[in-house]
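Input: a single structure, listed below in structure tokens.
The values are calculated or read from the model by the stated rules, or taken from the named source; none is laboratory data. Keep in mind the model is a prediction, meaning the values are calculated, not measured. Every residue, glycine among them, receives a Cβ derived from its backbone with ideal geometry; neighbour counts consider all protein chains shown. The area values use the complete protein model at the heavy-atom level, side chains included, leaving out ligands, DNA and RNA. Shrake-Rupley method; radii C 1.70, N 1.55, O 1.52, S 1.80 Å.
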Amino acid sequence: MDDKKIIELYFARSEDAITETDKKYGAYCLGIARSILNSKEDAEECVNDAFLGVWNSIPPTVPRVFSAFIGRIVRNIALNRLAASSASKRSRVAEVVYEEAEELIPDTKGEYVSAEMHLRDAVNGFLAALPKRTRIVFMRRYWYFCSIAEIADGMGMTEANVKVLLLRTRKKFKAYLEKEGITL
């Protein structure tokens, strides 16, 4: 079933919407949650919570890209669960990714929504300017929390190549944000 029809099911408040969402995006959502949480059971709970979140969001929201919409919900729920879990249960990959990205993302808490929108637009502009391969590696690491080994294997690269590519891209990203007037 295509995304438009699934969204129509949500607007009709049909429970088939969740079934169809699970059929089409269940594995995708589970993959996002597992890469962050490193636990199948926790990931499954996050996916269920995400489906409830989608149910509660549509209507009134009409997602432009349904896969990105649901992926963002799953990711946020998984990140919140990770933050709430004890340090001994945390995913080492997620901790390393946080450490790598920590110096790149400014703290916008308490600032105006326009600052967050400016950051979002800057990130999107940066990603759009990257070569496709670099963009995929960057997103797999910092959005999907994939390990260096997973990225290397999936992209046909060595782990050393992935590490160097990520280091260079982080430096470019930092310079890009500064050029855009976003202070770190």
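Which members of the range 29-43 meet the condition of being part of a helix (DSSP H, G or I) and more than 14 Å from Gly71 (Cα to Cα)?
Leu37, Lys40, Glu41, Asp42, listed by residue number.
Looking at (1) on the phi < 0 side of the Ramachandran plot; (2) modelled with pLDDT under 95, which is the one condition that is false for Gly110?
(1)
Confirm whether Arg141 is in contact with a Leu (Cβ under 8 Å, 6 or more places away or on another chain) and either among the acidic types (Asp, Glu) or in contact (Cβ under 8 Å) with a residue 40 or more places away in the chain (or both).
yes
Looking at Ser35 and the list (1) at pLDDT 90 or above; (2) open to solvent by less than 50 Å² (accessible area, probe 1.4 Å), which single condition is not satisfied?
If we test Ser35 against (1) at pLDDT 90 or above; (2) open to solvent by less than 50 Å² (accessible area, probe 1.4 Å), just (1) comes out false.
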